[in-house]
Amino acid sequence: MRFSDTVEEQRFRAELRAWLADAVRRHWGDDPITEARQDVQRLRDWSRLLHQAGWIGITWPHEYGGRGLPQSCQNIFYEELGRAGAPNHINTIGLNFVAPTIIEWGDQDQARRFLPPLLSGDEIWCQGFSEPGAGSDLANVRTRAVLDGEEWVVNGQKIWSSFAHLADMCILVVRTEEDVPSHRALTFLLLDMRTPGVTVRPLTQLTGAAEFNEVFLDDVRIPVSRGLGERGEGWRVIMTTLEHERGTLAMELAADFSRQLDRAVTHLRDNATAVPDHHVRRGVADAWVLVQELRYTNYRFRTEAGETGSPGPKGSVAKIAWSEGHQRLTALALESQGLASVLNGASAAESGYWQLERLRSRGNSIEGGTTEIQKNIIAERVLGLPRGR
Amino acid sequence: MDFSFSDEQHLLRKLAREYLTDRLPPERIGELADRAAGRDSTVDRELFEMGWFGDELGFVDLLVLFEEAGRALLPSAWFPTVAVVRPLLAASDELAEQIRNGRTCTLAWAADRARSALDRTPALPGLVGPGLLTTSRVLVPDLEQADSVLVLGLDAGRLGGLEVDTGAHPEVISRCPNVDGTRRFHDLHTDRTPARRVQLSATGIESLRARLWVALAAEALGVAGRALDFGIEHARTRTQFGRIIGTYQGVSHRLVDAYVRIELARSLVYRAAGIIEEGLTGDPLEIAVCSAAKTRAAGAAVFAAENSIQVLGGMGMTWEHPIHRWLKRAMTLNAWDGNPDTHLDRIGESIMAFST
């Protein structure tokens with residue numbers, strides 16, 4: 001066991017920390033996270049800045065524009081980003097889910113075409129997996145694609161597509177085969193969102209913001225060369241995407257949670273009047289302990305999986321714990337405001353930051369695979385309990 | 001960060017698991033727990049022969065053994081001997097040498113049941129005449145199983161210790177009924193009993209506590225893992241309403257909840273073991289990690305045992321089914337040196353102070 005940074009890691013961390021200290025001060029105001037939410041162009045510029053300075057795709061192979069650094073440096077990147085209170089690159093879906101899937105399943109042409117603009121943030125990606133009738137039961141996808149010469153003609157509807165209103169590209173799962181089980185009936189396609197027949201309609205969330213969307217597909221034509229994996233192989237490609245969703249994302253969530261805790265501690269110290277002190281102390285301790293648990297669990301699973309491996313089904317542990325812990329923390333921060341917590345926006349403390357966070361965190365145990373689905377995954381694939389379905 | 005164990009540590013775990021599975025199956029644990037004296041002295045001797053008393057073992061090596069010992073509910077004073085007594089001793093003291101040769105020695109610190117935390121350790125009593133000790137200590141772990149006891153006390157602001165040979169003077173042990181028969185706490189009353197002043201190292205209370213917490217946490221991980229396995233085994237095989245009950249989410253998600261808590265706690269415990277092995281540097285957050293490891297691992301053990309009992313249904317509530325032994329050990333670990341609220345309060349205070 002070794003718990004301190006190696007010389008290489010130390011150098012990486014020091015260099016990154018110094019760069020962030022300077023860049024955050026020059027690019028952002030007092031509240032970078034809120035500013036990034038409110039101003040997409042500013043976040044795009046920040047993303048390009050991160051890329052130009054060489055902080056994006058650091059673990060990728062050199063041939064795809066990466067730096068070939070060990071996975072631990074990716075974790076350090078998230079830790080330092082959280083420490084600096086800086087927003088992450090706008091292309092979260094592209095970097096965390098799409099890129100690893102393209103690297104594993106794509107051919108050379110696809111990698112060369114899609115990876116560089118994904119890294120720079122010039123092309124933002126979204127995910128076209130869920131449908132009104134296929135949420136947790138993803139295999140039930142009904143969006144259909146029919147072959148017409150060298151093109152797929154796609155008809156159907158996708159939902160809960162985060163960033164689709166900003167996205168240039170989409171990873172799309174469609175049904176191409178009839179009369180075979182679903183895990184052999186799906187095909188994975190890369191869709192250019194500017195293709196005729198694509199309509200994006202933002203869905204307003206209970207927070208009032210519109211982060212995700214419905215995507216309607218009417219006779220959308222996608223070249224066969226934009227398939228990832230073979231025809232009918234889509235389910236296996238999806239599995240790659242979802243494993244990365246559980247693995248890489250966990251590091252980002254831990255770092256994000258740490259930043260949120262720092263902010264909550266400041267808020268609670270200045271404002272905690274409506275709840276007893278010991279309640280605050282224990283709530284803060286609970287969150288701090290969870291930050292440590294998530295951080296060390298990510299490192300431990302990474303160690304156990306080997307340098308390049310993904311944590312596999314165990315990765316769901318972090319997602320479950322983070323979502324519930326984040327919900328508890330935001331609830332504590334808001335409850336500490338007492339009756340004034342009913343106010344919102346400019347009339348509320350910190351311009352309503354905790355009102356928004358409290359409500360937004362409700363989605364944490366739903367997005368990216370509900371807690372119930374994550375538990376099913378662990379029950380079946382880790383504990384070896386029989387399948388319920 | 002690298003959380004991997006060395007090949008030697010993997011082997012250590014494998015041998016410990018094999019030995020304990022063979023020598024202390026649940027039926028045997030039940031017999032020992034229900035007997036008047038819960039000691040199996042042949043096991044202590046065999047542990048010695050396997051090198052468990054060797055002082056070349058680092059704390060991460062011990063972590064592996066604590067975890068396996070907890071898994072089997074090993075009833076032995078080996079735990080207090082290597083977890084807390086040995087680090088207190090000066091290398092030159094004869095007890096250190098005796099422990100290397102397999103002697104077990106437990107620790108007596110509390111004078112008052114209401115003040116049982118290590119940081120409430122009272123003054124060291126004086127010896128009268130030719131090294132005779134008259135004192136009372138309460139809640140001494142594994143007292144009747146140990147060869148001797150180290151009475152701890154403050155002496156001019158520093159820790160001091162007196163060793164009483166309980167093997168030669170068993171009359172000093174005042175037996176108390178315990179919830180957990182595999183780790184019992186008894187009272188100690190000496191009355192002009194021979195005692196020896198022990199040379200201690202410079203270890204202070206804070207680092208002793210941190211070490212105890214992580215040792216308890218490691219043991220709790222083992223307890224938790226085995227307790228969960230009882231539930232999983234049952235959920236895989238038991239049929240009701242024509243289906244294996246593990247297919248019901250009401251059942252499977254309970255077990256997953258326990259698994260999640262155990263795995264999160266495991267990461268903390270391993271990290272904390274590294275802190276103890278490398279030595280505390282005075283950073284208050286290191287103490288907080290050790291404290292968190294203890295409270296989360298012991299909490300996970302109680303939670304896992306309770307959920308497994310729920311999954312086992314009526315069978316889980318019987319004396320016959322062994323799961324209650326694991327619940328009781330978990331409750332003991334949870335209560336030892338600070339319950340969860342005490343730990344969380346302290347951590348919360350230091351985090352609120354640290355961030356200013």
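The values are calculated or read from the model by the stated rules, or taken from the named source; none is laboratory data. As the structure is a computational prediction, the values presented were derived from the model and not from experiment. Cβ coordinates were reconstructed from backbone atoms using ideal geometry, including for glycine residues, and neighbour counts include every protein chain displayed. Heavy atoms of the whole protein, side chains included, go into the accessibility calculation; ligands, DNA and RNA do not. Shrake-Rupley method; radii C 1.70, N 1.55, O 1.52, S 1.80 Å.
Worth pointing out:
- For the range A:97-155, the alpha-carbon coordinates run over 34, 32, 21 Å along the three principal axes, in decreasing order.
- GNM top mover of A:Ala139, A:Ala250, A:Ala349 - chain A, alpha-carbon springs below 10 Å: A:Ala349
- Listed peptides A:193-201, B:97-105 appear in the order B:97-105, A:193-201 once ranked by packing, highest mean of other Cβ atoms within 10 Å at the front.
- Relative to the longest principal axis of the Cα atoms of chain A, the long axis of helix A:277-305 makes an angle of roughly 40 degrees.
- Protein-only accessible surface order, largest first, of B:Lys328, A:Lys158 at 1.4 Å: B:Lys328, A:Lys158
- Amide H partners (placed H, <5 Å) of A:Ala274, local residues excluded: A:Gly338
- Taking every DSSP helix (H) stretch of at least 4 residues in chain A, weighting each as -39,500 (n - 2.57) and dividing the sum by the residue count yields a mean residue ellipticity at 222 nm of -15500 deg cm²/dmol.
- Antiparallel DSSP beta bridges within chain A, as percent of all bridges there, nearest 5: 85
- D by Stokes-Einstein for chain A, Kirkwood Rh over Cα pairs, 37 °C, 0.692 mPa s: 148 µm²/s.
- For the protein assembly as shown, the convex hull drawn through the C-alpha positions has a volume of 172 cubic angstrom per residue.
- 10 Å Cβ neighbours from other chains, averaged over peptide B:335-347: 3
- For peptides B:234-240, B:207-213, B:248-254, sequence by mean Cβ density within 10 Å, most packed first: B:207-213, B:248-254, B:234-240
- Sum of side-chain charges, B:Trp109 neighbourhood, beta-carbon under 15 Å (Lys, Arg +1; Asp, Glu -1): -1
- Projecting label points 7 angstrom from Cα along Cα→Cβ for B:Arg28 and B:Thr203 puts them 2.9 nm apart.
- These residues, A:Ser162, A:Ser365, A:Ser4, go from largest to smallest accessible area, 1.4 Å probe, as A:Ser4, A:Ser162, A:Ser365.
- When only Cα pairs below 8 angstrom with a gap of at least 6 residues are kept, chain A shows a relative contact order of 12 percent.
- FRET efficiency for the A:Glu151 to A:Arg381 pair, using the beta carbon distance and R₀ = 30 Å, is estimated at 0.20.
- Taking only alpha carbon atoms, the range B:7-100 gives an Rg to Rh ratio of 0.98, where Rh is the Kirkwood radius.
- Within 10 Å of each Cβ in B:290-299, the average number of Cβ atoms from other chains: 2
- For the range A:279-353 versus the range A:14-28, the gap between their alpha-carbon centres in whole angstrom: 25
- Viscosity 0.890 mPa s, temperature 25 °C, Stokes-Einstein D of the range A:92-228 from Kirkwood C-alpha radius, µm²/s: 162
- Whole-number D in µm² s⁻¹ for the range A:293-389, Kirkwood Cα-pair radius fed into Stokes-Einstein, 25 °C, 0.890 mPa s: 158
- Separation between Cα centres of the range A:52-92 and the range A:259-278, rounded to whole Å: 31
- Shielding by partners, peptide A:275-281 (average Cβ within 10 angstrom, other chains): 3
- Directionally averaged projected area (convex hull, Cα atoms, the range B:178-322), nm²: 12.1
- From its DSSP helices (H runs of at least four residues, each -39,500 (n - 2.57)), chain B gives a residue-normalised ellipticity at 222 nm of -16500 deg cm²/dmol.
- Expressed as a fraction of 2.2 N^0.38 Å, the value expected for a compact globular protein of N residues, the C-alpha radius of gyration of the range B:105-198 is 1.01.
- Percent antiparallel among DSSP beta bridges (both partners in the protein assembly as shown, rounded to 5): 85
- Sequence-distant residues sharing a close amide H with B:Leu89 (under 5 Å, placed H): B:Ser201
- ³J(HN,Hα), Karplus 6.51/-1.76/1.60, whole Hz, each residue of the range A:195-212, x for Gly, Pro: 5, x, x, 8, 10, 10, 10, x, 9, 7, 7, 5, 7, x, 8, 10, 8, 10
- Kyte-Doolittle at least 0.0, axis length at least 15 Å by Cα - qualifying DSSP helices, chain B: B:59-72, B:205-237, B:249-278, B:284-312
- Other residues with beta-carbon under 10 Å from the beta-carbon of A:Leu228 carry, at +1 per Lys or Arg and -1 per Asp or Glu, a net charge of -3.
- Local electrostatic count at B:Ala210 - Lys and Arg +1, Asp and Glu -1, tallied over other residues with Cβ under 10 Å: +1
- Annotation: chain B has a Kirkwood hydrodynamic radius of 20.9 angstrom, from the mean reciprocal C-alpha pair distance.
- Database remark: amide H of B:Asp155 closer than 5 angstrom to the amide H of B:Leu124, B:Gly160 (H placed geometrically; neighbours at sequence offset of 5 or more, or on other chains; Pro and chain starts carry no H).
- C-alpha center-to-center spacing [the range B:1-68, the range B:113-153] in angstrom: 27
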